[in-house]
Amino acid sequence: MSSTININPAATQVAGGTFNTTSVGLIQGTAYPDPATRYALAGGVLLASETLPMWGGVAIFEQVPGAAGGVSSTMGPPVGRSTTVTGGSKPITAFSVFDQAYGMVNTPESPVQLAASGGQVMYYRLGSKARIAVKADPNLVSLRGGLVNASVSWDFVNQQLIPYSAPSFSAGSYNSGTGNVTLTTAAPHGLQPGDQIIVSAVTGTGADLALANGQFTLLAGTTGSTLVYSVGTGHTISSITGATLSTGAALPVEVLDIQADNCMTVSFDSVTGYATWNRSGAAAVILI
């Protein structure tokens with residue numbers, strides 16, 4: 001199923017937040033104008049296999065063009081949403097932007113510019129030294145006053161920058177019937193099903209305890225202070241008494257600024273297919 005853009009051409013409305021008292025903030029998916037990086041802006045074509053439209057500020061992967069029935073090199077490489085920082089079939093190679101995205105579409109119901117499958121996507125590659133505003137977890141304000149190269153991670157479900165370290169471990173268990181490991185953190189973690197987590201230094205009892213270590217995709221049931229992932233059924237893990245948690249591989253970027261509110265970030269409704277601006281969101285400026 002390819003991604004599409006829904007539209008009601010008869011609807012009109014006033015842009016929300018037009019008369020805000022302050023305009024100090026960031027806009028997700030926009031790059032800072034910089035003569036040193038302006039020619040690094042690249043364009044590609046959204047893959048037909050993508051089920052969601054594309055907007056600015058999304059971590060993407062690229063493919064070599066020219067496959068049979070695919071996109072030719074004259075249109076730029078096929079691109080889609082990444083699922084990992086490194087490794088796997090869809091690692092991050094770039095971040096999409098709204099800059100010069102003249103082929104994207106916005107509508108009265110969906111004021112955020114969107115590209116459907118087959119549409120053009122503009123982006124800056126990692127290593128281009130572009131400065132891009134992306135959606136961020138408000139908790140990243142803890143980085144203020146720290147080093148710009150502090151470790152951060154990427155939330156592939158919500159397409160936002162998140163802290164690298166998850167809350168400390170509190171308790172854990174393994175269900176051999178379902179194959180699921182359930183960990184409880186000492187504080188709410190802010191993660192959702194589909195996010196990545198790295199579990200290391202697991203302590204406890206059982207011949208197969210080491211299987212609880214590794215990088216995992218969080219499953220349904222992950223919420224609040226609970227993390228759920230699978231290691232397979234039928235293993236011998238009697239107890240889990242400790243672990244070190246992180247939110248996936250560190251993203252190779254530098255964080256130049258954090259704005260905890262008053263930023264324009266994208267909110268996508270998967271039911272209606274509309275994308276709107278949240279004008280009180282949190283955003284960060286990253287050097288890629």
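The values are calculated or read from the model by the stated rules, or taken from the named source; none is laboratory data. Here the structure is a predicted model, which is why all the values come from computation and not from measurement. In this analysis, Cβ positions are derived from the backbone assuming ideal geometry, glycine residues included, and neighbour counts consider all displayed protein chains.
When the stretch 130-159 is filtered for residues that are within 24 Å of THR217 (Cβ to Cβ), among the polar types (S, T, N, Q) and surrounded by fewer than 22 Cβ atoms within 10 Å (Cβ to Cβ), the ones remaining, listed by number, are ASN139, SER151, ASN158. Restricted to the stretch 193-215, and to residues there that are of a type outside the set (A, V, I, L, M, F, W, C), at pLDDT 90 or above and within 20 Å of THR84 (Cα to Cα), the residue that is surrounded by the most Cβ atoms within 10 Å (Cβ to Cβ) is ASN213. When you scan the stretch 71-79, do you find a residue that is assigned by TED's automatic domain parsing to the domain that holds VAL266, under 27 Å from LEU218 (Cβ atoms), touching a strand residue (DSSP E or B) at 6+ places or on another chain (Cβ under 6 Å) and free of Cβ contacts under 8 Å to residues at least 60 places away in the same chain, even just one? Yes, the stretch 71-79 contains a residue that is assigned by TED's automatic domain parsing to the domain that holds VAL266, under 27 Å from LEU218 (Cβ atoms), touching a strand residue (DSSP E or B) at 6+ places or on another chain (Cβ under 6 Å) and free of Cβ contacts under 8 Å to residues at least 60 places away in the same chain.
Take ALA275 and decide whether it is under 15 Å from GLN160 (Cα atoms) and either among the charged types (D, E, K, R) or in the same structural domain as LYS90 (by TED's automatic domain parsing) (or both). Can you show your working first?
Working: under 15 Å from GLN160 (Cα atoms): no; either among the charged types (D, E, K, R) or in the same structural domain as LYS90 (by TED's automatic domain parsing) (or both): yes.
Spelling it out, it is not the case that ALA275 is under 15 Å from GLN160 (Cα atoms) and either among the charged types (D, E, K, R) or in the same structural domain as LYS90 (by TED's automatic domain parsing) (or both).
In the set (1) part of a loop (DSSP other than H, G, I, E, B); (2) closer than 28 Å to GLY44 by Cβ, THR178 fails one condition alone, (2).
Are any residues in the stretch 180-192 surrounded by 15 or more Cβ atoms within 10 Å (Cβ to Cβ) and closer than 15 Å to LEU219 by Cα, and if so, which ones? Outline the logic, then answer.
First, the residues of the stretch 180-192 that are surrounded by 15 or more Cβ atoms within 10 Å (Cβ to Cβ): 180-185, 189-191.
Matches in the stretch 180-192: ASN180, VAL181, THR182, LEU183, THR184, HIS189, GLY190, LEU191.
Condition (residue is in contact (Cβ under 8 Å) with a residue 40 or more places away in the chain, of a type outside the set (S, T, N, Q) and under 12 Å from VAL45 (Cα atoms)) applied to the stretch 100-109: is it met by at least one residue? I'd like the intermediate steps shown before the answer.
Narrowing the stretch 100-109 to residues in contact (Cβ under 8 Å) with a residue 40 or more places away in the chain: 100-101, 104-105, 107-109.
Among the residues that remain, those that are also of a type outside the set (S, T, N, Q) are: 101, 104-105, 108-109.
Subsequent filtering for residues that are under 12 Å from VAL45 (Cα atoms) retains 101, 104.
Yes, there is a match, as at least one residue in the stretch 100-109 is in contact (Cβ under 8 Å) with a residue 40 or more places away in the chain, of a type outside the set (S, T, N, Q) and under 12 Å from VAL45 (Cα atoms).
Looking across GLY248, GLY206, GLY221, one residue alone is over 18 Å from the mean Cα position of the chain (by Cα) and touching a residue at least 40 places away in the same chain (Cβ under 8 Å). It is GLY221. Pairs linking a residue in the stretch 23-36 that is in contact (Cβ under 8 Å) with a residue 60 or more places away in the chain to a residue that is exposed (fewer than 14 other Cβ atoms within 10 Å of the Cβ) and part of a strand (DSSP E or B), with Cβ atoms under 8 Å and 6 or more positions apart or on different chains, are GLY25/ASP261. Within the stretch 149-175, the set of residues being in a strand (DSSP E or B) and not hydroxyl-bearing (Ser, Thr, Tyr) comprises VAL152, TRP154, ASP155, GLN160, LEU161, ILE162, PRO163, PHE169, ALA171, GLY172, ASN175.
Among the residues making up the stretch 236-259, those that are surrounded by fewer than 18 Cβ atoms within 10 Å (Cβ to Cβ) and either of a type outside the set (Gly, Ala, Ser) or part of a strand (DSSP E or B) (or both) are THR236, SER239, THR241, GLY242, THR244, PRO252, GLU254, LEU256, ASP257.
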